[in-house]
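Have a look at the structure below before the remarks.
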Amino acid sequence: MGVAPAVERRHQVLVFSTPSCPWCVRAKAYLRERQVPFRDVDVSRDAAAARDLVRRTGQMGVPVIEIDGRSIVGFDRTQIDRLLGLG
């Protein structure tokens, strides 16, 4: 008998960003490199999303990465990997 394939857990990942933010670009590139699907929310074009970001986190700065409802302010690889269960 073969070994059963590992079950991949799907995470809900949102990235609140702006096009002019270099740390946002790096954070999204990192998620793509790790093959983590995410939804990008451009708060410079979506005023409601910007208000939602402040309501959720108390932050106006980007990037804010939300993984399964938990927010990471800034591009923190250690926190990203921990919340995604990446090694």
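Bear in mind that the values in this text are calculations on the coordinates, not laboratory data. This is a predicted model, so every value here is computed, not measured. Don't worry about glycine lacking a Cβ; one is built from the backbone with ideal geometry, like all the others, and counts go over all protein chains shown.
With the condition kept exactly as written, say whether any residue in segment 21-37 is among the hydroxyl-bearing types (Ser, Thr, Tyr) and more than 13 Å from the chain's Cα centre (by Cα).
So far as segment 21-37 goes, no, none of its residues is among the hydroxyl-bearing types (Ser, Thr, Tyr) and more than 13 Å from the chain's Cα centre (by Cα).
Scan segment 38-74 residue by residue and report those that are part of a helix (DSSP H, G or I) and of a type outside the set (Gly, Ala, Ser).
Of everything in segment 38-74, those that are part of a helix (DSSP H, G or I) and of a type outside the set (Gly, Ala, Ser) turn out to be ARG51, ASP52, LEU53, VAL54, ARG55, ARG56, THR57.
Restricting segment 53-71 to residues that are under 20 Å from PRO19 (Cβ atoms) and among the hydrophobic types (A, V, I, L, M, F, W, C), which is surrounded by the most Cβ atoms within 10 Å (Cβ to Cβ)?
Filtering segment 53-71 for residues that are under 20 Å from PRO19 (Cβ atoms) and among the hydrophobic types (A, V, I, L, M, F, W, C), the one surrounded by the most Cβ atoms within 10 Å (Cβ to Cβ) comes out as ILE65.
Which residues, taken from segment 13-37, are in contact (Cβ under 8 Å) with a residue 12 or more places away in the chain and either charged (D, E, K, R) or in a strand (DSSP E or B) (or both)?
Within segment 13-37, VAL13, LEU14, VAL15, PHE16, SER17, ARG26, LYS28, ARG34 meet the criteria.
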